[in-house]
Amino acid sequence: MPESRPLASEWLANGAVLLRGFAVELGEALLAHIGSISEVAPFRYLLMPNGQTMSIAMTNCGTVGWVRTASGYGYASNDPLTGHAWPPMPDVFRELAVQAARRAGFEGFMPAVCIINRYAAGASLHMHRDRDDTKDGQPVVSVSLGLPAIFRFGGQGRAGSVRQLRLVHGDTVIWGGPSRMAYHGVLPLEAGQHPLTGMQRFNLTFRSAKMPGRQSGAQRRPRATAGRSAELR
Ligand code: SIN
Ligand code: FE2
């Protein structure tokens, strides 16, 4: 595992760290799994509440998946496209997320879901918080694969200062504890060519998907956004 290598890490805030290249040695294996997962649970463009289609394509693996529902977004244990359970999370995914979380100081992280995002040129994600999951301080682990992207990492409020970080293949960002509800987003992807992913970027987002006091699949309606980007979660 990447643990044995010295790593450049950059603390972004209390509870938030960027581990440069943490997943780089696993890149090909992760991408192969993304390919198999998407054969069972195809990438799809979710509709936003404002009726527009998101610019990133998504699928999931794990015990639940992140889906669009009648009243917003939430977790569901079956893929609404196929009616079947989401593909199980590959061990290499889980192990990577657990190790990354540990490196960031979060022992005992157990991801239930891996949301897989696919970006083509121009695709972006508005500033948002990953609000639904948890109040137990468990982190989000976010792995970048393929083309570079500009990741924006802000504070607890929309008004605060925002760091802009260029994330490349293998870079892994973890935010939890006091940073768990930090705003973050991705600028429109610049066109390019990556030896492993061609004209695409993939992102793996691992979450514990624990929702105290709520069932999996509980709903919340996010704020609608205009344009080709989305306030996703
Ligand atoms: C997300 O916030 O869900 C994805 C972030 C990324 O693609 O880097
Ligand atoms: Fe997010």
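The values are calculated or read from the model by the stated rules, or taken from the named source; none is laboratory data. These figures come from a predicted structure and were not determined experimentally. Neighbour counts are summed over all protein chains in view; Cβ atoms, including those assigned to glycine, are modelled from backbone coordinates with ideal geometry.
Here is how the numbers come out for the structure above:
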quantity: Residues of the range 153-164 that turn out to be touching a Leu at 6+ places or on another chain (Cβ under 9 Å) and surrounded by fewer than 15 Cβ atoms within 10 Å (Cβ to Cβ), as a count; calculated: 1
quantity: Exclusive hit being in a loop (DSSP other than H, G, I, E, B) and surrounded by 16 or more Cβ atoms within 10 Å (Cβ to Cβ), set PRO42, PRO87; calculated: PRO87
quantity: Of all residues making up the range 47-93, the number that are polar (S, T, N, Q) and in contact with a helix residue (DSSP H, G or I) (Cβ under 9 Å, 6 or more places away or on another chain); calculated: 3
quantity: Scan of the range 45-71 for residues that are in contact (Cβ under 8 Å) with a residue 60 or more places away in the chain, among the small types (Gly, Ala, Ser) and crowded, with 16+ Cβ neighbours inside 10 Å, ordered by number; calculated: SER55, ALA57, GLY62
quantity: Residue match in the range 104-125 (condition: free of Cβ contacts under 8 Å to residues at least 40 places away in the same chain and either within 14 Å of ligand 2 (Cβ to nearest atom) or buried (at least 21 other Cβ atoms within 10 Å of the Cβ) (or both)); calculated: no
quantity: Qualifying residues in the range 133-169 (those that are out of contact with any Ser or Thr (no Cβ under 6 Å at 6 or more places or on another chain), of a type outside the set (A, V, I, L, M) and not in a loop (DSSP other than H, G, I, E, B)) - the one farthest from ligand 2 (Cβ to nearest atom); calculated: ARG166
quantity: Filtered residues of the range 120-171 (kept if more than 14 Å from ligand 1 (Cβ to nearest atom) and basic (Lys, Arg)); calculated: LYS135, ARG158
quantity: Matching residues, the range 123-147, being over 15 Å from the mean Cα position of the chain (by Cα) and modelled with pLDDT of 90 or more; calculated: LEU147
quantity: Residues of the range 45-67 classified as at negative phi, of a type outside the set (A, V, I, L, M) and in a strand (DSSP E or B), total; calculated: 6
quantity: Residue check for ALA230: within 12 Å of ligand 1 (Cβ to nearest atom), at pLDDT below 85 and surrounded by 16 or more Cβ atoms within 10 Å (Cβ to Cβ); calculated: yes
quantity: Every residue from the range 173-213 that is within 12 Å of ligand 1 (Cβ to nearest atom) and among the charged types (D, E, K, R); calculated: ARG201, ARG207
quantity: Number of the condition not met by THR172 [criteria: (1) surrounded by fewer than 18 Cβ atoms within 10 Å (Cβ to Cβ); (2) under 21 Å from GLU28 (Cα atoms); (3) within 16 Å of ligand 2 (Cβ to nearest atom)]; calculated: (1)
quantity: Residue match in the range 181-195 (condition: touching a helix residue (DSSP H, G or I) at 6+ places or on another chain (Cβ under 8 Å) and within 19 Å of MET58 (Cβ to Cβ)); calculated: no
quantity: Members of the range 175-196 that are within 16 Å of ligand 2 (Cβ to nearest atom) and in a strand (DSSP E or B); calculated: TRP175, HIS184, GLY185, VAL186
